[in-house]
Amino acid sequence: MRCPYCGSEDTQVKDSRPAEDGTSIRRRRICPDCGGRFTTFERVQLRELMIIKKTGRKVPFEREKLQRSFEIALRKRPVERDRIERAVSGIVRRLESSGETDISSEEIGLQVLEALKSLDDVAFVRYASVYRDFSHAEDFEKVIAEINARIGREPDDRPVSPYTES
């Protein structure tokens, strides 16, 4: 493993243990040349996945991009990191075990939407607004109506703000 600080090819593993999610190994490493310390994660990869973009172009699947899309949608939301990691790992496991090596970006987007729906309604609306390319306020209203129907809230049951006049 190459040192991220000095680029040395010779780094040493000082400690290995299972990561919190149980699907990877966490390794603490040290570089004997510069003394830099860093952490790496090792995961099982069942097969090389390729993503088919809307344009038809194929790109390699990157778990980090999937993770980043969750983090952007969930920015400043009260969702624990381990729940996000479990959602990302679940999507990756489903993709790898599907038997397909070529997966459309739309399929991944739908899986992210489904996962966000169970994690946080605000993040779901944020992601849906980009994924479904919202262009009008009515688009938001439709998604919010879907959420309200799912949680059993009537459209008029909005929480009342203490700052509005009664």
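The values are calculated or read from the model by the stated rules, or taken from the named source; none is laboratory data. From a predicted model like this one, the values you see are computed outputs, not experimental measurements. No Cβ is skipped: glycine too gets one built from the backbone with ideal geometry, and neighbour counts run over all protein chains shown.
Of everything listed in (1) exposed (fewer than 14 other Cβ atoms within 10 Å of the Cβ); (2) farther than 25 Å from Val122 by Cα; (3) in contact (Cβ under 8 Å) with a residue 24 or more places away in the chain; (4) within 17 Å of the chain's Cα centre (by Cα), the single unmet condition for Pro32 is (4). Of all the criteria given as (1) outside the structural domain of Lys54 (by TED's automatic domain parsing); (2) at pLDDT 75 or above, the one not satisfied by Ser129 is (1).
Every listed requirement among (1) surrounded by fewer than 15 Cβ atoms within 10 Å (Cβ to Cβ); (2) in the same structural domain as Ile144 (by TED's automatic domain parsing); (3) without any contact (Cβ under 8 Å) to a residue 60 or more places away in the chain is met by Val88 save one, (1). Return yes when Arg75 is over 25 Å from Glu146 (Cα atoms), under 14 Å from the mean Cα position of the chain (by Cα) and without any contact (Cβ under 8 Å) to a residue 12 or more places away in the chain and no when it is not. The answer is no for Arg75.
Within region 104-116, identify whether any single residue is assigned to a loop (DSSP other than H, G, I, E, B) and within 20 Å of Leu74 (Cβ to Cβ), and answer yes or no. No; the residues of region 104-116 include none that is assigned to a loop (DSSP other than H, G, I, E, B) and within 20 Å of Leu74 (Cβ to Cβ). Counting just the residues of region 1-30 that are in contact with a strand residue (DSSP E or B) (Cβ under 8 Å, 6 or more places away or on another chain) and part of a loop (DSSP other than H, G, I, E, B), which one comes out modelled with the lowest pLDDT? This residue is Thr23. A single member of Thr101, Thr40 is outside the structural domain of Ala128 (by TED's automatic domain parsing), of a type in the set (S, T, N, Q) and within 21 Å of the chain's Cα centre (by Cα), and it is Thr40. State which residue is modelled with the lowest pLDDT when the search covers only region 100-121 and only residues that are of a type in the set (A, V, I, L, M) and surrounded by 15 or more Cβ atoms within 10 Å (Cβ to Cβ). My answer is Leu113.
Of all residues in region 38-49, those satisfying the criterion of being out of contact with any Cys (no Cβ under 8 Å at 6 or more places or on another chain), assigned to a strand (DSSP E or B) and modelled with pLDDT of 85 or more are Thr39, Thr40. With respect to (1) under 18 Å from the mean Cα position of the chain (by Cα); (2) modelled with pLDDT under 85, the lone exception for Pro60 is condition (2).
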